[in-house]
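> The structure under discussion is supplied below as structure tokens; questions concerning it will follow.
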Amino acid sequence: MARTVGFFTDTTLCIGCKACEVACKEWNQLPGHAPQFGDGYDNTSQLDEQNWRHVQFHERTTAKGGVAWNMMSDVCKHCALASCMEVCPTNAIIRTEFDTVYIQPSVCNGCRDCIAACPYHVIGFDEASGLARKCTFCYDRLQANLTPACAKACPTESIKFGELSTMKEIAGARVNQLRGQGMSEARLYGDKEYGGLHALFLLTDKPEVYGLPPTESAVLPSRNNARGYLGTLVTAALGVVGAVFAFRERAGKE
Amino acid sequence: MIEHFVSPPQWEWYIVWYFFLGGIAGGVYALGAILRLMGDERDAPVARLAFLLSLPVLAICPILLTLDLGRPLRFWHMMIDSRTFGLNFKYWSPMSVGVWVLLVFSVFALVSFLEALAGLRAGRTPFLTGGLGRAFVIVGAVFGLFLAGYTGVLLSVSNQPIWSDTWALGALFLASGLSVAAATLSLVTRLGRHEQSSEAKLTRADRYFIILELALLVVFFLTLGAAGSRFLAHRWMALWVVVLIGTLVPLALHFSTERRVPAMLAAVLTLAGGLALRIVVVFGAQM
């Protein structure tokens, strides 16, 4: 059954339990990397070919001088205008009947152009299979009318799943509610960026803090086509004129 | 300034060498074509040499690109949609465009190679003569120039910091490609016995190419602005020094002497500088 699905991740409800990460790895049979231990509770460190959900821990100083965390379960945004899909030369990256962005493992040839294009550091190259891999939005579960594993496992409903339009309504209401309670820094991310994301986030700080490009930076790779080729064309013209001049010069003199 | 959080695509040595050799193959063909069309009859052997060089260098390129893939046996997915078996072509994706340009240019490089080979025996142009021959090498040269430059555009059409922060990479790679191609041709020409006037013409052309490249290096850093500070790390600084030595020293030599040994030294330095440029641009943005 075709529908337009979405995630809404409410970071104010995230307790950093990483159940989403575990459920994702279990369902998608991702062995994961060896954990990296730094000075925080984040031993996943980033989204990549093994980590399709990543719980970020951002320390901040509270008004009273204490330390608090901003936590956010990050995931592929399944952009309406997807940079990865735009550059993919093999058409391995497709938009599914659920309006999500999916890398077809049988088509991808591991050129990795999508990795350089994704502005959210989502896609990773899997050495074992030779493929680019990322969150599938649990494509197989969607086809069976099931909730994606991460949303299913989230114990605080920080990760919500449903129709994209419903998610937008819930997200908008939640932002208004928090602002009404005096949390003026509450904001919605994902309703404007890249034609609208299929993973919305309620943030309590600037997007950059969470590794999300600010709205004005949400631009596609193809923006550089025209000016890149134009510069090359002008250079080609100058180069040819230089060569013609050089190759005729001596012949004319002698 | 645009702020993105991009994972490096792990494009490494295969890609660096492809960018370098693609620049030589395309640039050498274009120089051969211009030399044939604009030079006199004494330049014919060097023009022929250019066509003899272009194809073997070009032949390495698809091998490098295929080896770089995670699934090399699926290289054909670049051209043919593996599900519908229709043709894959996305004009807005330089990687897609580049694959087709590589393929089409190969045809021109092959025909010109065979023609040059036959000419080597017969001592004159056996086919591709007259207006048709001229048109053929002109079109081939356009594809060659495209091959030498689009690799920079490919890097820019991404969201990778540095690559996507500038519009000058395609232009810079093309100017450098032409210079490296002139150096390659000059080096091979001087290893054999050729007309001094042809050698001098290549040197003269390389002066323009180096000046163009230096101007574009300035444009590159100006367009990068603050993003260029990534290159201040020692290892990248060392490579930029090689780039500068590979442009400024050959330029000085080109203006001061036409003797054989300094000219060959200039060519070797140009090649080193061209390779260093691609290494620093490809690796520098990803680390």
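Taken together, the values in this text are just the output of simple stated rules run on the coordinates, not laboratory data. Note that the structure is predicted; figures quoted are calculated from it, not measured. Don't worry about glycine lacking a Cβ; one is built from the backbone with ideal geometry, like all the others, and counts go over all protein chains shown.
> Under 14 Å from the Cβ of B:G284, count the other residues' Cβ atoms, weight Lys and Arg +1, Asp and Glu -1, and hand me the total.
+1
> Looking at A:I93, B:P161, B:C61, which one has the Cα that reaches farthest to the positive end of the dipole of the protein assembly as shown (charges on Cβ: Lys, Arg +1; Asp, Glu -1)?
B:C61
> Can you tally the net charge around A:P148? Count Lys and Arg as +1, Asp and Glu as -1, for every other residue whose Cβ sits under 11 Å from the Cβ of A:P148.
Taking every Cβ under 11 Å from that of A:P148, the sum is +3.
> Hey, another quick one. Where the only charges are on Cβ atoms (+1 Lys, Arg; -1 Asp, Glu), what is the dipole of the protein assembly as shown about its Cα centre, to the nearest 20 debye?
On the way: 45 positive and 41 negative charges, 238 e Å.
Computed charge dipole of the protein assembly as shown: roughly 1140 debye.
> Semi-axes of the equivalent ellipsoid for the stretch B:62-187, please: Cα gyration tensor eigenvalues, times 5, square-rooted, ordered largest first, whole Å.
The three semi-axes for the stretch B:62-187 are 30, 21, 14 Å.
> Along the Cα→Cβ direction, 7 angstrom out, place labels at A:R187 and B:A135. What is the inter-label distance in nm?
Once both label points are built, they end up 5.9 nm from each other.
> Quick check: the angle from helix A:225-253's long axis to the longest principal axis of chain A, C-alpha only, nearest 10 degrees?
Its long axis makes an angle of about 20 degrees.
> Relative to the longest principal axis of the C-alpha atoms of chain A, give the angle of the C-alpha long axis of helix A:164-180, reported between 0 and 90° and rounded to the nearest 10°.
Compared with the principal axis, the helix lies near 70 degrees.
> Could you state the number of Å between the C-alpha centres of the stretch A:46-123 and the stretch B:126-162?
Spelled out, the Cα-based centre of one part sits 35 Å from the other.
> May I ask for the percentage of alpha-carbon pairs in the stretch B:41-89 that lie more than 15 Å from each other? Spell out each step's value before the answer.
On the way: 739 of 1176 pairs.
Summing the P(r) of the stretch B:41-89 above 15 Å gives 63 percent of all pairs.
> Mind listing P(r) for the stretch A:5-219? All alpha-carbon pairs, 5 Å bins, whole percents.
That works out to 1, 7, 15, 20, 21, 17, 11, 5, 2, 1, 0, in percent per bin.
> Could you give P(r) for the stretch B:217-264, binned at 5 Å from zero, as whole percent values over all Cα-Cα pairs?
5, 18, 19, 20, 13, 11, 10, 5, 1
> So what's the projected area for the stretch B:244-287, the Cα convex hull averaged over all directions, in nm²?
Computed as one quarter of the Cα hull surface, the answer is 2.8 nm².
> Also: Can you give the angle from 0 to 90° between the axis of helix A:19-28 and the longest principal axis of chain A, with both taken from C-alpha atoms, to the nearest 10?
60
> Return, for the Cα atoms of the protein assembly as shown, the radius of gyration and Dmax in Å, separated by a comma.
26.9, 90
> Output needed: Cys residues of the protein assembly as shown lacking any neighbouring Cys C-beta below 4.7 Å, sorted by number.
A:C14, A:C17, A:C24, A:C79, A:C88, A:C108, A:C111, A:C118, A:C138, A:C154, B:C61
> Over what distance in Å are the Cα centres of the stretch B:25-44 and the stretch B:5-22 separated?
30
> Here's a follow-up. Per the Kirkwood definition applied to all pairs of different Cα atoms, how many angstroms is the hydrodynamic radius of the stretch A:85-212?
16.5
> Add -39500 (n - 2.57) for each DSSP H run of 4 or more in the protein assembly as shown, then divide by its residues: what number comes out at 222 nm, to the nearest 500 deg cm²/dmol? Could the numbers behind the result be given before it?
Details: 15 runs with 283 residues, N = 541.
Counting only the DSSP helices, I get -18000 deg cm²/dmol.
> By Kyte-Doolittle mean hydropathy of at least 1.0 and Cα axial length of at least 20 Å, which whole DSSP H helices of chain B are selected?
Both cut-offs are met by B:13-38, B:44-68, B:94-122, B:130-156, B:169-191, B:234-256, B:260-284.
> Here is a follow-up. Counting only DSSP beta bridges with both residues in the protein assembly as shown, tell me the antiparallel percent, nearest 5.
Counting only bridges with both partners in the protein assembly as shown, antiparallel ones make up about 85 percent.
> What is the Cα radius of gyration of chain B over 2.2 N^0.38 Å, N being its residue count? Walk me through the intermediate numbers first.
Values: Rg = 19.3 Å, N = 287, 2.2 N^0.38 = 18.9 Å.
Relative to the rule-of-thumb radius for its length, chain B sits at 1.02.
> If you take each beta carbon of peptide A:210-217 and count the beta carbons of other chains within 10 angstrom, what is the mean? The partial results should precede the final answer.
Details: counts 1, 2, 3, 6, 2, 0, 3, 6.
Rounded to a whole number, the mean comes out at 3.
> Still on this structure, please answer the following. Let me spell out the model: positive unit charges on the Cβ of Lys and Arg, negative unit charges on the Cβ of Asp and Glu, origin at the Cα centre of chain A. What dipole size does that give, in debye rounded to 20? Please list the in-between numbers first.
On the way: 25 positive and 27 negative charges, 92 e Å.
Result for chain A is approximately 440 debye, rounded to the nearest 20.
> Using modelled amide H (1.01 Å from N, peptide plane; none on Pro or chain starts), what sits under 5 Å from the amide H of A:A199, excluding residues fewer than 5 places away?
A:F7
> Computed from the mean reciprocal separation of all distinct C-alpha pairs, what Kirkwood hydrodynamic radius does the stretch B:198-287 have, in Å?
Roughly 13.8 Å, rounded to one decimal.
> Calculate the dipole size of chain B relative to its Cα centre from +1 charges on Lys and Arg beta carbons and -1 charges on Asp and Glu beta carbons; express the result in debye to the nearest 20.
Charge dipole, chain B, about its Cα centre: 440 debye, nearest 20.
> Suppose the chain between A:S106 and A:E208 were pulled fully straight at 0.36 nm per residue; how much longer would it get relative to their current alpha carbon spacing?
My answer for the length gained is 33.3 nm.
> Which of the pairs A:K77/A:K206; A:K25/A:K77; A:K77/A:K152; A:K152/A:K206 have their Cα atoms more than 25 Å apart in this structure?
Table pairs above 25 Å Cα-Cα are A:K152/A:K206.
> Can you give the local net charge around B:P161? Use residues other than it whose beta-carbon is closer than 10 angstrom to its beta-carbon, Lys and Arg +1, Asp and Glu -1. Please list the in-between numbers first.
Numbers: positive: B:R230; negative: B:E3, B:D165.
Value of the local net charge: -1.
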